[in-house]
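Here's the structure, in structure tokens; my notes come after.
The values are calculated or read from the model by the stated rules, or taken from the named source; none is laboratory data. As the structure is a prediction and not an experimental result, all values here were calculated from the model. Cβ placement follows ideal geometry from the backbone for every residue including glycine, while neighbour counts extend to all protein chains displayed. To get the accessible areas, we keep the full protein, side chains included, count just its heavy atoms, and leave off ligands, DNA and RNA. Shrake-Rupley method; radii C 1.70, N 1.55, O 1.52, S 1.80 Å.
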Amino acid sequence: MRPRFPAPLRPGAVVGVTSPSAGVPAELRARLDVAVESVRSRGYDVVVGQCMDGARHVSAPAADRAAELQRMLLDPGIAAVVPPWGGETAIDLLPLLDWGALTAAEPTWMVGFSDIATLITPLTLRAGWATIHGQNLMDTPYAVPDGLVSWLDLVALPRGATVRQTSPGRYREDFVDWAEHPEDDTYVLDHAGGWTRLDGGGDVDVTGRLVGGCVETLASLAGTAYLDTGAWRTSETGWSSTWRRRSTTPSRSAATCTVCAWPVSSMAPQRCWWAGRRHRTVPP
């Protein structure tokens, strides 16, 4: 199977924003506004959907989230769909989407990481759409580190263009509280790190199709039609995979963050992966 690339975005193109998983709480709406403006500053129009509520761990009932996502993906007037961030329950949408309609339609760019991999990876493997495992909307205002490419640049490239990315050689450990600093646009990469080969080999240098995502979310799709990589194993083109995991796995007996739905314990990071601030917890 060859991936079908969506049309490149041009000034005036419309970007849709919806939350297939977690929504945006009231105290982080200012950050959402900053993120939307960062997209508009590139010359694109932005349409924000109805499934954005951040009061609970999901933005809306599954049927509503699926309907809004599918409407945006199939709307020829929307060129890209970018969720604010991930969450935990995008998997609820998979049996509710019309995969026949998605496979038959002209592809639309869909961008995101973490729980959004639950959607973009099946869009690639099952519907044949090229997708972008990259920044979510709330991270878009950040200047991209050297060696990496912003999704805003990727969606404007010609169909099938070759992109080369290299490790910045550093990573960040601390997060800025977006409730206090919604305008933050600079990554502070204060720890040395890089991409390594698990087999103990030398430098990582891979060319080809790239399929992968967040291990914790995609593990639940193993053995299903949504994660069937068989069609990609071709001698003609070859393919590679990349898998991301969270750096800490706290105990399931911990309290639960009401933003990202992740268990929080004394061993867990004190910053919420999606909210960009301290976890908000309720008793386990």
- Selection count, region 133-153, where residues are within 22 Å of residue 33 (Cα to Cα) and open to solvent by less than 50 Å² (accessible area, probe 1.4 Å): 13
- Task: Take residue 58 and decide whether it is over 16 Å from the mean Cα position of the chain (by Cα), farther than 24 Å from residue 157 by Cβ and in contact (Cβ under 8 Å) with a residue 24 or more places away in the chain.
- Result: no
- Query: So which residues in region 89-108 are under 17 Å from residue 2 (Cβ atoms) and crowded, with 20+ Cβ neighbours inside 10 Å, if there are any at all?
  - Reply: 107
- Query: Do we find that residue 124 is surrounded by 23 or more Cβ atoms within 10 Å (Cβ to Cβ), at pLDDT below 95 and not small (Gly, Ala, Ser) in this structure?
  - Reply: yes
- In region 48-64, the residues that are open to solvent by 70 Å² or more (accessible area, probe 1.4 Å) and assigned to a strand (DSSP E or B): 53
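Looking only at region 156-205, filter to residues that are of a type in the set (A, V, I, L, M), within 22 Å of the chain's Cα centre (by Cα) and farther than 30 Å from residue 13 by Cα; which one of those is modelled with the lowest pLDDT?
If we filter region 156-205 for residues that are of a type in the set (A, V, I, L, M), which is where we start, we get 156-157, 161, 163, 176, 179, 188-189, 192, 198, 204.
Those still in the list that are within 22 Å of the chain's Cα centre (by Cα) too: 156-157, 161, 163, 176, 179, 188-189.
In the following step, the residues that additionally are farther than 30 Å from residue 13 by Cα were identified as 176, 188-189.
Numbers: 176: 85, 188: 83, 189: 79.
Ranking the qualifying residues of region 156-205, first place goes to 189.
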- Message: Restricting to region 69-88, and then to whatever is surrounded by fewer than 22 Cβ atoms within 10 Å (Cβ to Cβ) and not in a helix (DSSP H, G or I), can you tell me which residue is nearest to the chain's Cα centre (by Cα)?
- Response: 88
- Query: What is the number of the single condition among (1) within 25 Å of residue 181 (Cα to Cα); (2) open to solvent by 10 Å² or more (accessible area, probe 1.4 Å); (3) part of a helix (DSSP H, G or I) that residue 42 does not meet?
  - Reply: (3)
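Would you confirm whether or not region 132-145 contains a residue that is in a loop (DSSP other than H, G, I, E, B), farther than 23 Å from residue 4 by Cα and among the polar types (S, T, N, Q)?
Just the residues of region 132-145 that are in a loop (DSSP other than H, G, I, E, B), to begin with: 134-136, 140-145.
After this cut, where a residue has to be farther than 23 Å from residue 4 by Cα as well, the list is 140-145.
Pick out the ones that are also among the polar types (S, T, N, Q) and you get 140.
Yes: region 132-145 contains one or more residues that are in a loop (DSSP other than H, G, I, E, B), farther than 23 Å from residue 4 by Cα and among the polar types (S, T, N, Q).
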